[in-house]
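**Q** One structure, as structure tokens, below. Some questions next.
The values are calculated or read from the model by the stated rules, or taken from the named source; none is laboratory data. Keep in mind that what you see is a predicted model, and the values were worked out from it rather than measured. Here the Cβ positions follow ideal geometry from the backbone for every residue, glycine too, while neighbour counts run over all protein chains shown. Heads up: the accessible areas ignore ligands, DNA and RNA and are worked out on the full protein's heavy atoms, side chains in. Shrake-Rupley method; radii C 1.70, N 1.55, O 1.52, S 1.80 Å.
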Amino acid sequence: MTEIREIRAGETGSAAEAMLLLRPRWRTAGAVVDLIDDRLRPAGYRLVGAFEESSDSAVSVLGFREVWSTAWGHYLYVDDVSTLETARGKGFADELLRWVIAEAERLGCEEIHLDSGVGSDRAAAHRLYMRNHLRISSHHFSLELGG
Ligand SMILES: CC(C)(COP(=O)(O)OP(=O)(O)OC[C@H]1O[C@@H](n2cnc3c(N)ncnc32)[C@H](O)[C@@H]1OP(=O)(O)O)[C@@H](O)C(=O)NCCC(=O)NCCS
């Protein structure tokens, strides 16, 4: 039996394993929990996770924010989607994406946006987004700075 539920402040550690798989730059569970609780949550970041029975650690996580901008109005931005390798192919990411689409509708958002790399390591993610009817709507530009 799987439970899909929001991961609140104070239980962010339950998302750390799946999050570090996607975002290894944060290296340790402590570092990624501090980032999320101290910096991201105060700016509106939220997490939802899939939990298998009898485990306090999420097998799949999705991080998102409710955002307003001149370009897209009121929208929901998905920052992170990650499933542990041992739990892939069971529909967890699909369930989380459906949960967040429903949450965006509940919040009255006009759109959902996310960025995804174009390497072969993102092919499964692109299939996930396409089968949930997201479409490729822009190019993303970036510039690395010294600092
Ligand atoms: C992309 C990612 C999140 C998908 O997670 P997942 O939980 O395995 O996703 P799902 O189980 O919903 O879907 C995966 C596949 O299983 C299939 N599937 C879903 N439920 C299934 C079930 N009950 N039985 C069999 N197959 C199933 C899906 O159709 C999908 O098939 P496809 O890959 O051939 O399109 C995961 O591969 C991942 O973490 N990748 C690395 C991180 C990443 O790229 N994140 C996105 C950053 S933009």
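**Q** By how many nm would the segment from L143 to R27 lengthen if fully extended, with 0.36 nm per residue of separation less the alpha-carbon distance? Don't jump to the answer; show the numbers that get you there.
**A** Numbers: separation 116, 0.36 × 116 = 41.76 nm, distance 2.34 nm.
The span from L143 to R27 would gain 39.4 nm if fully extended.
**Q** Provide the per residue accessible area, probe 1.4 Å, for the chain, rounded to a whole number of square angstrom.
**A** Working: 9280 Å² over 147 residues.
On a per-residue basis, 63 Å².
**Q** Between R88 and A9, what is 0.36 nm times their sequence separation minus the Cα-Cα distance? Round to one decimal in nm. Working shown, then result.
**A** Working: separation 79, 0.36 × 79 = 28.44 nm, distance 2.57 nm.
My answer for the length gained is 25.9 nm.
**Q** Where the Cα atoms of the chain are projected onto their three principal axes, how long is each span, largest first, in whole Å?
**A** 43, 38, 33
**Q** Put a dot 7 Å past each Cα toward the Cβ at A124 and E17; how far apart are the dots in nm?
**A** Going by the 7 Å Cα→Cβ label model, 1.5 nm.
**Q** Using helices alone, I'd like the mean residue ellipticity at 222 nm for the chain: each DSSP H run of four-plus residues gives -39500 (n - 2.57), total over residue count, nearest 500. Before the final figure, lay out the partial values.
**A** Working: 4 runs with 38 residues, N = 147.
So the calculated ellipticity at 222 nm is -7500 deg cm²/dmol.
**Q** Give a residue-ordered list of calculated ³J(HN,Hα) values for the range 21-26 (Karplus: 6.51 cos²θ - 1.76 cosθ + 1.60, θ = phi - 60°; whole Hz; x for Gly, Pro).
**A** Each residue's phi maps through the Karplus curve to give 4, 7, 10, x, 4, 8 Hz.
**Q** Shifting gears a bit: Quick check: at a probe of 1.4 Å, how many percent of the accessible area of the chain sits on carbon and sulfur atoms? It would help to have the intermediate numbers written out before the result.
**A** Details: 4690 of 9280 Å².
Roughly 50 percent of what the probe reaches on the chain is carbon or sulfur.
**Q** Excluding F51 itself, calculate the net charge of residues whose Cβ lies under 9 Å from the Cβ of F51, where each Lys or Arg counts +1 and each Asp or Glu counts -1. Don't skip to the end; give the middle numbers.
**A** Working: positive: R5; negative: E3, E52, E53, D56.
Result for the neighbourhood of F51: -3.
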